[in-house]
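Engineer: Before I ask anything, here is the structure I am working with.
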Amino acid sequence: MALFSYTATKANKTISGTMEAVTKQAVMDSLRKQGAQPLVVKVAHQRKDILSGFGKKVKLKDLAVFTRQLSTMVSAGVPLTKALSTLQSQTKSKYFQQVIASVSKDIEGGMPMADAFAAHPRVFSDIYVNMVRAGEAGGILDEILKRLATQIEKDNSMRKRIKSAMAYPVVILSITIIAFFGIMIFIIPKLGAIIKDLGGGEAKLPVYTEAMLAISGFLQQNALPVIGAFILAVWLFRRYVRTPKGKYQFHSVLLRLPVVKTVLIKIAVARFARTFASLMSSGVGVLDAVEVTGGARGNKVIGKELKEAAEQVKNGKQLSVPLSQSKYFPPIVPQMLAVGEESGQIDTILVKVADFYEEEVQATIEGLSSLIEPLMIILLGSIVGVIAASVMGPIANLSRYVQN
């Protein structure tokens, strides 16, 4: 959000003043709606968004409910400011209440709804803003908001399925790591002392038992440095991944992993198809739709590929042409897109593509979940088994030796 100073003419008079807006174009559009012709518009002061901050976010579920209820109110003819005031009082999120209040204030000041939403990119994505802008321009805001709500609900449903599928292996892996460190630091040293007492100083132990005792001794003496180094490595990794370069490299690595690659591509195709179809059905041009979709996709590598496709669309090519040369998009996507381009029903065809790949994602995730669960149990059992064999085997042998 910025403060712009302007000079304009209205009724053969020169007027000047200031106005808060997201972009210079938003100021010019607002002045024209007021019957003024802008002459000079420039940034007077860049205002920091007081609502932005660490940890502040709006859940997709809350955003979907807000969007669907706003669609219903707009369709019923309720004024935007009154509708926003009602929705502000209904939401439980304090941060979202502040965002809605700020949007309502900007709209009261004459700002278009899309620009008011654009002032809060942490809540309203580029896709959301562009679809609202297209709805305002075409006079079909209620219908656009309804489509947005449906799209957000489907995205939220897909995320829930992915989180649900990942919850079990993450819990098992965490338990495995904690159990490993606990056994190595607290249990193995005591068992090692028992083994040495039974066998004496000249007892020969199996290589794997010696290795286990050595690892245990190292962890016991350096537990805090090891745990600290592990936490630091995780923190540094997360920080690097949040940088543009780090995120791109991380996404590139993910797209090389056999099983993960399949799931990620299906998710990206489903999201691209549904988002692109929504933008096209809202009246957004093909080029703008490709650029917005490419910039908003979760995977940066696929996003870069879509941006390169947008450059070819600028040069007059159909979108199906660059996508047919894609490394990641399955051949069926450009083929279906080409059919849509020829028939003029891109949005209808891509919705079917999105439905198909969303079902594929769900089936793949369910299949992986049923496969991962026994694998994680086997992994946990194997680790415990190796530790038990490394300790109990020598104890049993030494016990027989002592009895003889």
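Engineer: So which of Ile372, Ile387, Ile365 is farther than 21 Å from Arg161 by Cβ, out of contact with any Leu (no Cβ under 6 Å at 6 or more places or on another chain) and assigned by TED's automatic domain parsing to the domain that holds Thr176?
Structural biologist: Checking each option against the conditions leaves just Ile387.
Engineer: Next question, about the same structure. Given the criteria within 30 Å of Leu380 (Cα to Cα) and free of Cβ contacts under 8 Å to residues at least 40 places away in the same chain, does Ile187 qualify?
Structural biologist: It is true that Ile187 is within 30 Å of Leu380 (Cα to Cα) and free of Cβ contacts under 8 Å to residues at least 40 places away in the same chain.
Engineer: Here is a follow-up. Within the bounds of the stretch 290-310, is there any residue that is among the acidic types (Asp, Glu), at pLDDT 80 or above and not assigned by TED's automatic domain parsing to the domain that holds Asn130?
Structural biologist: There is at least one residue in the stretch 290-310 that is among the acidic types (Asp, Glu), at pLDDT 80 or above and not assigned by TED's automatic domain parsing to the domain that holds Asn130.
Engineer: Considering only residues that are touching a residue at least 60 places away in the same chain (Cβ under 8 Å) and among the hydroxyl-bearing types (Ser, Thr, Tyr), look in the stretch 348-380 and name the one that is farthest from Ala338 (Cα to Cα).
Structural biologist: If we take residues in the stretch 348-380 being touching a residue at least 60 places away in the same chain (Cβ under 8 Å) and among the hydroxyl-bearing types (Ser, Thr, Tyr), then Ser369 is farthest from Ala338 (Cα to Cα).
Each row is one residue, and each column tells you yes or no for (1) more than 15 Å from Ala119 (Cβ to Cβ); (2) modelled with pLDDT under 70; (3) in contact with an Asp or Glu (Cβ under 9 Å, 6 or more places away or on another chain).
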| residue | (1), (2), (3) |
| --- | --- |
| Leu3 | no, no, yes |
| Thr9 | yes, no, no |
| Ile15 | yes, no, no |
| Thr23 | no, yes, yes |
| Lys33 | yes, no, no |
| Ala36 | yes, no, no |
| Arg47 | no, yes, yes |
| Ser52 | no, yes, no |
| Val58 | no, no, no |
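Engineer: Restricting the search to the stretch 69-115, which residues are buried (at least 20 other Cβ atoms within 10 Å of the Cβ) and in a loop (DSSP other than H, G, I, E, B)?
Structural biologist: Met111, Pro112
Engineer: With the condition kept exactly as written, say whether any residue in the stretch 257-270 is of a type in the set (D, E, K, R) and within 17 Å of Leu323 (Cβ to Cβ).
Structural biologist: yes
Engineer: Please tell me if Val132 is touching a helix residue (DSSP H, G or I) at 6+ places or on another chain (Cβ under 7 Å) and without any contact (Cβ under 8 Å) to a residue 60 or more places away in the chain.
Structural biologist: Taking the combined requirement at face value, the residue satisfies it.
Engineer: Still on this model: Are there any helices (runs of 4 or more DSSP H) wholly within the stretch 246-346 with 2 or more residues that are among the small types (Gly, Ala, Ser) and under 28 Å from Arg133 (Cβ atoms), and if so which?
Structural biologist: 258-281, 286-296, 300-314, 332-343
Engineer: Only one of Ile365, Ile387, Ile372 is within 21 Å of the chain's Cα centre (by Cα), surrounded by 12 or more Cβ atoms within 10 Å (Cβ to Cβ) and of a type in the set (Val, Ile, Thr). Can you tell me which?
Structural biologist: Ile365
Engineer: Out of the stretch 337-359, which residues are buried (at least 18 other Cβ atoms within 10 Å of the Cβ) and within 16 Å of Ala268 (Cβ to Cβ)?
Structural biologist: Once the filter is applied, which keeps residues that are buried (at least 18 other Cβ atoms within 10 Å of the Cβ) and within 16 Å of Ala268 (Cβ to Cβ), the stretch 337-359 yields Leu337, Leu350, Val353, Ala354, Tyr357, Glu358.
Engineer: Looking at the stretch 310-331 only, could you name the residues that are touching a Pro at 6+ places or on another chain (Cβ under 7 Å), surrounded by 17 or more Cβ atoms within 10 Å (Cβ to Cβ) and not aliphatic (A, V, I, L, M)?
Structural biologist: If the condition is that a residue be touching a Pro at 6+ places or on another chain (Cβ under 7 Å), surrounded by 17 or more Cβ atoms within 10 Å (Cβ to Cβ) and not aliphatic (A, V, I, L, M), then Ser320 is the only one that fits.
Engineer: While we're on this one: Which is surrounded by fewer than 20 Cβ atoms within 10 Å (Cβ to Cβ), in contact with a Pro (Cβ under 7 Å, 6 or more places away or on another chain), closer than 30 Å to Ser281 by Cα and not aromatic (Phe, Trp, Tyr), of Glu153, Glu136?
Structural biologist: The conditions single out Glu136.
Engineer: Still on this structure, please answer the following. Do we find a residue being modelled with pLDDT under 85, more than 30 Å from Pro374 (Cβ to Cβ) and outside the structural domain of Met19 (by TED's automatic domain parsing) anywhere in the stretch 88-109?
Structural biologist: Yes; the residues of the stretch 88-109 include at least one that is modelled with pLDDT under 85, more than 30 Å from Pro374 (Cβ to Cβ) and outside the structural domain of Met19 (by TED's automatic domain parsing).
The values are calculated or read from the model by the stated rules, or taken from the named source; none is laboratory data. What you are looking at is a predicted structure, and each value in this text was computed from that prediction instead of being measured. Note that we place each Cβ from the backbone using ideal geometry, even for glycine, and neighbour counts take in every protein chain shown.
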